[in-house]
Amino acid sequence: GANLQDIPYERYSFSISFPSGPENVDSLIEAALGEVEKIKNGQIVEADINKVKEARLVKLKEDFKRNQFWATEISRSLLRKEDLDSQEGIEARTKAVSKEDLQRIANKYLKKGGQIQLVLMPEAKTEK
C-alpha cells in the first residue's frame with residue numbers, strides 16, 4: 001500500500017507485504033523489488049493498471065456508503081481549506097491515473113537507500 005500526507009508534516013510510506021514460508025523470502029523480496037524497478041523504468045502493463053483502477057473503484061463504491069469515509073474527507077477538506085470533493089470527482093481522479101503518473105511518482109519516492117526491510121520469521125520450535 002502507499003500513503004502520502006502533508007499534514008502535520010510531509011511524509012510518505014509504501015509497503016509490500018505477502019505471506020510466505022521462510023524458504024521463499026529471498027526470492028519474493030527480489031521479485032517485488034524487481035517489479036518496483038520495472039515501474040520506475042516505465043515497464044508498466046496497461047492491463048495491470050486497469051485492474052488496479054477497477055479494484056480501487058469497487059472499493060470506493062463501498063467506501064462511499066460509509067460515514068467514516070465521508071468524515072475523513074470532510075476533515076481533510078477543512079484542514080487543507082479545500083472544497084469537498086464529490087463522489088464523481090474522486091472516481092474521475094482514480095480513472096485518470098496514467099502509466100506516466102506511476103513512473104514519475106515511483107522515481108520521486110521509491111529511491112534506493114531510503115527503505116527499511118522487515119521480515120517476520122516463525123519462532124523456532126523448542127522441545128520440551
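The values are calculated or read from the model by the stated rules, or taken from the named source; none is laboratory data. The structure presented is a predicted model; accordingly, all values stated were derived computationally and were not measured. Ideal geometry is used to build each Cβ from the backbone, glycine not excepted, and the neighbour counts take in all protein chains shown. When the accessible area is computed, the model is the full protein with side chains, heavy atoms only, and any ligands, DNA or RNA have been set aside. Shrake-Rupley method; radii C 1.70, N 1.55, O 1.52, S 1.80 Å.
Things to note:
- Heavy atoms of the protein chains alone define the surface here; on that basis the chain has 83 Å² accessible area per residue at 1.4 Å probe size.
- Shown are ASP85, ASP48, whose ranking by accessible area with a 1.4 Å probe and every protein chain present, most to least, is ASP48, ASP85.
- With every protein chain in place, the range 1-73: carbon and sulfur % of accessible area (1.4 Å): 55
- 3J(HN,Hα) along the range 69-76: 4, 6, 4, 5, 5, 5, 4, 4 Hz, from the Karplus curve 6.51 cos²θ - 1.76 cosθ + 1.60 with θ = phi - 60°, whole Hz, x for Gly and Pro.
- Structural descriptor for the chain: relative contact order 28 percent, calculated from alpha carbon pairs under 8 angstrom and at least 6 residues apart.
- Straight-distance crosslink candidates among aspartates and glutamates, where the alpha carbon sits under 15 Å from LYS38 and sequence neighbours closer than 8 are dropped: GLU30, GLU46, ASP48, GLU100, ASP101
- The alpha-carbon atoms of the chain define a convex hull whose volume equals 189 cubic angstrom per residue.
- With R₀ fixed at 41 Å, the C-beta to C-beta distance from LEU118 to ALA92 puts the FRET efficiency at about 0.70.
- Span from the the range 58-107 Cα centroid across to the the range 1-53 one, whole angstrom: 20
- Only protein heavy atoms count here; under a 1.4 Å probe, LYS95 has an accessible surface of about 120 Å².
- For the range 12-24, 3J(HN,Hα) computed residue by residue from phi via the Karplus equation (6.51, -1.76, 1.60; θ = phi - 60°) reads 8, 9, 9, 9, 10, 9, 7, x, 6, x, x, 5, 9 Hz, glycine and proline entered as x.
- Gaussian network model of the chain, Cα within-10 Å springs - most flexible of GLU46, GLU91, GLU23: GLU23
- Taking the Cα centre of the chain as origin and assigning +1 to Lys and Arg Cβ atoms and -1 to Asp and Glu Cβ atoms, the resulting dipole is close to 220 debye.
- Bridgeable lysines around LYS40 (alpha carbons under 27 Å apart, same-chain partners fewer than 8 residues away excluded): LYS51, LYS53, LYS59, LYS95, LYS99, LYS108, LYS111, LYS112.
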